[in-house]
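A short write-up of the structure that comes next.
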Ligand code: NAD
Ligand code: ZN
């Protein structure tokens, strides 16, 4: 089969012929039809420090996908050949305390497909049955391929009660924008989304209806809070940039006793005024991945009840034209970019 491989220790990915994965009795072989490119894939593509430390050379990359079951192992019962599926990309163990307690998303032995294990930028992917998410027959394959980041957004947004609350989201990347849409739908009162990239804030308007966008390079956050009638601070903060100024600004504008869910991954350690965190009696919760499998349940329910993620997808490429897609991703002027693996 064809697959995108991190074949060399330099910038790029290489389309190569590799063997179709063999499945174990408890695994499912998925015929990949659509994939989406993630920020994580861009780290691997650029071969930055994190990628060099984490990703083995020769790995098939990619972890956001939709496809069809092509074969099942002998013990698989939940899906059959021909079913439309996507999957949870974190493959967990069964030995740790958390895994034994059913808290699979907190298993320290987690491995990521397309990061530590063979990935989905390929014609076929082998995945444990446990990780397979069955979808309705007519579920759009492209939406299937963006459920992984939508899951990050839903997991973070639903970490704290949003009903009637004022919510600040820092970072209008794909996940921050999705989180704003989820916050609106989940009954938040005011939703404010910040970034320093004008294109992204403009784009975010396509997925939201009442979120106030702020370019913090041009507009003062406190001034906007006054303008929209806020007298105190934000009840809930969703940190989705990993940027020091964004996090410290969030600390400044939180209400006493407020809650922060932090998904953004800082590229390096940064100073934080913990006096503010303590003085304001804030709760800070780190968010990793998606909750298995409650986040998937909520995501499917939100989509079922009208959450429309289709405007998130801005570009489509045949998988063979992957280079154009990665070049576009580097400009930062795209939503989710889809590769079609039926065109290889
Ligand atoms: P992204 O890089 O596309 O988006 C981050 C956004 O933050 C960008 O639009 C950038 O312009 C913006 N930004 C930079 N400085 C800012 C500032 N000072 N104020 C406000 N915004 C600022 O990332 P994404 O794919 O949307 O993911 C969001 C974050 O979540 C990233 O840090 C990513 O690494 C992280 N992530 C974490 C997990 C997890 O399991 N914890 C999973 C997926 C992604
Ligand atoms: Zn991803």
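The values are calculated or read from the model by the stated rules, or taken from the named source; none is laboratory data. What you are looking at is a predicted structure, and each value in this text was computed from that prediction instead of being measured. Every residue, glycine among them, receives a Cβ derived from its backbone with ideal geometry; neighbour counts consider all protein chains shown.
Before moving on, here are some points about what is shown:
- Residues that are under 30 Å from residue 340 (Cβ atoms), within 14 Å of ligand 2 (Cβ to nearest atom) and at pLDDT 95 or above are absent from the range 74-81 altogether.
- Counting the residues of the range 49-59 that are more than 19 Å from the chain's Cα centre (by Cα) and surrounded by 14 or more Cβ atoms within 10 Å (Cβ to Cβ) gives 1.
- Checking each residue in the range 81-105 for being in a loop (DSSP other than H, G, I, E, B) and under 29 Å from residue 137 (Cα atoms) picks out 81, 82, 83, 88, 89, 92.
- Scanning the range 169-202 for residues that are more than 16 Å from ligand 2 (Cβ to nearest atom) and in contact with a helix residue (DSSP H, G or I) (Cβ under 6 Å, 6 or more places away or on another chain) yields 169, 170, 172, 182, 183, 191, 193, 195.
- Those helices (runs of 4 or more DSSP H) of the range 184-262 in which at least 1 residues are away from ligand 1 (no atom under 15 Å from the Cβ) and not assigned by TED's automatic domain parsing to the domain that holds residue 314, considering only elements entirely within it, cover 221-227.
- The single residue among 324, 330 that is in the same structural domain as residue 138 (by TED's automatic domain parsing), free of Cβ contacts under 8 Å to residues at least 24 places away in the same chain and assigned to a helix (DSSP H, G or I) turns out to be 324.
- Residue in the range 61-80 that is exposed (fewer than 15 other Cβ atoms within 10 Å of the Cβ) and either in a helix (DSSP H, G or I) or without any contact (Cβ under 8 Å) to a residue 24 or more places away in the chain (or both) present: yes
- Scan the range 278-290 for residues that are touching a helix residue (DSSP H, G or I) at 6+ places or on another chain (Cβ under 8 Å) and away from ligand 2 (no atom under 16 Å from the Cβ) and the total you get is 3.
- Looking only at the range 17-47, residues that are outside any loop (DSSP other than H, G, I, E, B), within 16 Å of ligand 2 (Cβ to nearest atom) and crowded, with 16+ Cβ neighbours inside 10 Å come to 9 in all.
- Within the range 258-280, the set of residues being closer than 24 Å to residue 230 by Cα and touching a strand residue (DSSP E or B) at 6+ places or on another chain (Cβ under 8 Å) comprises 258, 259, 260, 261, 262, 277, 280.
- Residues of the range 150-168 satisfying the condition of being within 16 Å of ligand 2 (Cβ to nearest atom) and touching a strand residue (DSSP E or B) at 6+ places or on another chain (Cβ under 6 Å): 156
- Among (1) under 20 Å from residue 163 (Cα atoms); (2) under 23 Å from the mean Cα position of the chain (by Cα); (3) in contact (Cβ under 8 Å) with a residue 60 or more places away in the chain, the one test that residue 253 misses: (2)
- The lone exception for residue 14 - which of (1) surrounded by fewer than 19 Cβ atoms within 10 Å (Cβ to Cβ); (2) under 22 Å from residue 76 (Cα atoms) it fails: (2)
- Residue in the range 203-224 that is at positive phi and more than 16 Å from ligand 2 (Cβ to nearest atom) present: no
- Among the candidates 339, 328, 284, residue that is under 21 Å from residue 133 (Cα atoms) and at pLDDT 95 or above: 339
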